[in-house]
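Structure first, commentary second.
The values are calculated or read from the model by the stated rules, or taken from the named source; none is laboratory data. These numbers come from a predicted model, not from an experiment. Here Cβ is always computed from backbone atoms with ideal geometry, including for glycine, and neighbour counts include all displayed protein chains. For the accessible areas, the whole protein counts, side chains as well, though only heavy atoms, and no ligand, DNA or RNA atoms are used. Shrake-Rupley method; radii C 1.70, N 1.55, O 1.52, S 1.80 Å.
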Amino acid sequence: MAYVALKRGRERRARARHPWVYAGDIDVVAGDPTPGDIVDVVDYRKRFLGRGFINPVSSITVRILTWDEQEIDEGFFYRRLAAARDYRRAVGAEAPCYRVVFSDGDMLSSLIVDRYEDVCVVQTLALGMDVRKDMIAAALRDLLGITKMYERNDSRARELEGLDQRSGFLGDEFPTAFWVQENGLAFWVDVARGQKTGLFLDQRENHRAVAPWCDGARVLDAFCYTGGFAIHAAAFGAREVVALDSSATALEIARLNAEKNGFGERISFIEGNAFDALRRLEAEGERFDLVIVDPPAFAPGKHAVEAAYRGYKEVNLRAMRILAPAGILVTCSCSYHMRPEVFIAMLADAAADAGREARLVELRTQARDHPILLGVEETHYLKCAIVRVS
Ligand code: SAH
């Protein structure tokens, strides 16, 4: 078998069971592997470290799939997918809509599978996974009993692997937009055109976590997308909800969701840039008991952390300013590069500038169907802080 030998001293990450082997760690590639092939990763003394697929085009040149000298064949992937299913069963994360496979969190680097009732949405974001797409789809059909599958490989991440952008059916066609349930509420999902794969499934548990703060409250859901938090807040007894997003398409669906769940009267919508809208609401003297802030990733890479910090601080500062005394701020960041301690520091910074006292009631993360694999920091990306601002 072809192998990749690491430079002396570069085996530390693999020894700590982190699956990414960077181009800069590699001394030699032996055996002339075809891109996407399985290779062994060995240290400078040729001792086995792990086994995974190679893509010389990618700066993550090898993604290790196993730390044992086992064969990586169809059976291997089938067992890994079954393990992902079993994990979700064990931790009570099987919902009508949930993430079936979370890439490195399931030791299936670059594979993402989301399930929306009887539809599966698949992303193969690295070459080694992409060339095995049909085999993986067949295994998923068997394991989940699902026949409707859609590929959302229109992710920019694929460019880093030299892969094209594509989306479409894997197998027979079916309607790609339909109603689903989340926490017993109805949401319209469009797996072909929605952001991500349709819904922000990673927020499912956080949507529920706002329950204690909603009864009789006036709520602002900033960056609402199709109303994930807004609809939940209304269901948990909010007196009035204002939902805000810059995407007209997202708001159109949010409106539909509000009507469908019977909250049409209590939820109103603002289309616009959240930074401007928050400033305007403040100037108009509007006050809220609960403000939810769930922006898109402001820090797509390490280099962008400083600019992202300023963006997060600005939006959280504005949010704190329109909070009524003893109001609750539920604030999120899905940028991996914004580490939890930096996120907390940013909130402290924002509170100081707002001249308010802020107490961290709860620090939450992504739903448990997006497992955080210890030792692989990148799998821990979502922060959701519940802060009481007096
Ligand atoms: N809270 C949502 C997910 C939010 S995703 C849920 O739980 O389902 C982030 C949203 O921010 C997207 O809908 C995107 O359209 C919106 N967005 C991005 N930039 C924005 C901006 N500057 N102002 C307002 N909304 C913005």
Rounded if a/c is under 1.5, else prolate if a/b is larger than b/c, else oblate: which is region 114-153, with a ≥ b ≥ c the root eigenvalues of its Cα gyration tensor? oblate
Taking Cα atoms, how many degrees apart are the long axis of helix 340-354 and the longest axis of the chain, rounded to 10 and kept between 0 and 90? 20
Report, in deg cm²/dmol and to the nearest 500, the calculated mean residue ellipticity at 222 nm for the chain, where each DSSP H run with n ≥ 4 adds -39500 (n - 2.57) and the sum is divided by the residue count. -8000 deg cm²/dmol
Where only alpha carbons of region 306-360 are counted, the Rg and the Dmax (Å): 10.7, 32
Starting from the Cα gyration tensor of region 68-194, take the square roots of the eigenvalues, sort them a ≥ b ≥ c, and report rounded, prolate or oblate (rounded when a/c is under 1.5, otherwise prolate if a/b is larger than b/c, else oblate). oblate
May I ask you to list the aspartates and glutamates whose Cα is less than 19 Å away from that of LYS148, ignoring any residue fewer than eight positions away on the same chain? GLU94, ASP114, GLU117, ASP118, ASP130, ASP134, ASP172, GLU173, ASP190
Distances longer than 16 Å among the Cα atoms of region 1-127: what percent of all pairs is that? 63
How large, in Å, is region 152-211 by the Kirkwood hydrodynamic radius built from its alpha-carbon pairs? 13.6
Enclosed volume per residue, in Å³, of the convex hull spanned by Cα atoms of region 3-66: 66
For the chain, taking Cα atoms only, what is the radius of gyration to one decimal and the Dmax to the nearest whole Å? 22.3, 69
Long-range Cα-Cα pairs in region 285-390 (distance over 23 Å), rounded percent: 25
Would you mind computing, in nm to one decimal, how far apart the modelled labels at LEU143 and ALA157 are, each placed 7 Å from Cα along Cα→Cβ? 1.7
How large is the translational diffusion coefficient of region 200-389 in µm² per second when you combine the Kirkwood radius over alpha carbon pairs with Stokes-Einstein at 10 °C and 1.306 mPa s? 96
In whole angstrom, how far apart do the alpha carbon centroids of region 334-364 and region 1-26 sit? 35
Exposure rank, largest accessible area first [THR365, THR147, THR34; 1.4 Å]: THR147, THR34, THR365
Scaled by the rule-of-thumb 2.2 N^0.38 Å, the alpha carbon Rg for region 65-133 gives a ratio of 1.11
Between region 161-179 and region 249-302, the alpha-carbon center distance in angstrom: 29
Rounded to one decimal in nm, the spacing of the 7 Å Cα→Cβ label points at GLU259 and VAL91 is 3.8
Tilt, helix 274-283 to longest principal axis of the chain (alpha-carbon atoms), in degrees rounded to tens, equals 20
What is the set of long-range amide H partners of VAL41 at a cut-off below 5 Å, with H atoms built 1.01 Å from backbone N? VAL4, LEU49, GLY50, ARG51, GLY52
Region 198-306 - convex hull of alpha carbons, volume per residue in Å³: 118
Write down the percent of antiparallel bridges among all DSSP beta bridges whose residues are both part of the chain, to the nearest 5. 65
Per DSSP, loop trypsin sites (Lys or Arg not before Pro) in region 14-66 with at most 11 further Cβ within 10 Å: ARG45, LYS46, ARG47
Going through the cross-link list LYS133/LYS302; LYS260/LYS313; LYS196/LYS302; LYS302/LYS383, which pairs have a Cα-Cα distance over 23 Å in this structure? LYS133/LYS302; LYS260/LYS313
Using 7 Å Cα-to-Cβ label points, what is the ALA83/TYR22 separation (nm, one decimal)? 2.6
Give me the extension gain from GLU252 to ASP134: residue separation times 0.36 nm, minus the current Cα-Cα distance, reported in nm with one decimal. 39.0 nm
Which loop GluC sites (Glu not before Pro) in region 321-366, with loop taken from DSSP, have no more than 15 other Cβ atoms within 10 angstrom of their Cβ? GLU357
Sequence-distant or interchain residues sharing an amide H contact under 5 Å with ALA324, placed H: which? PHE288, ASP289
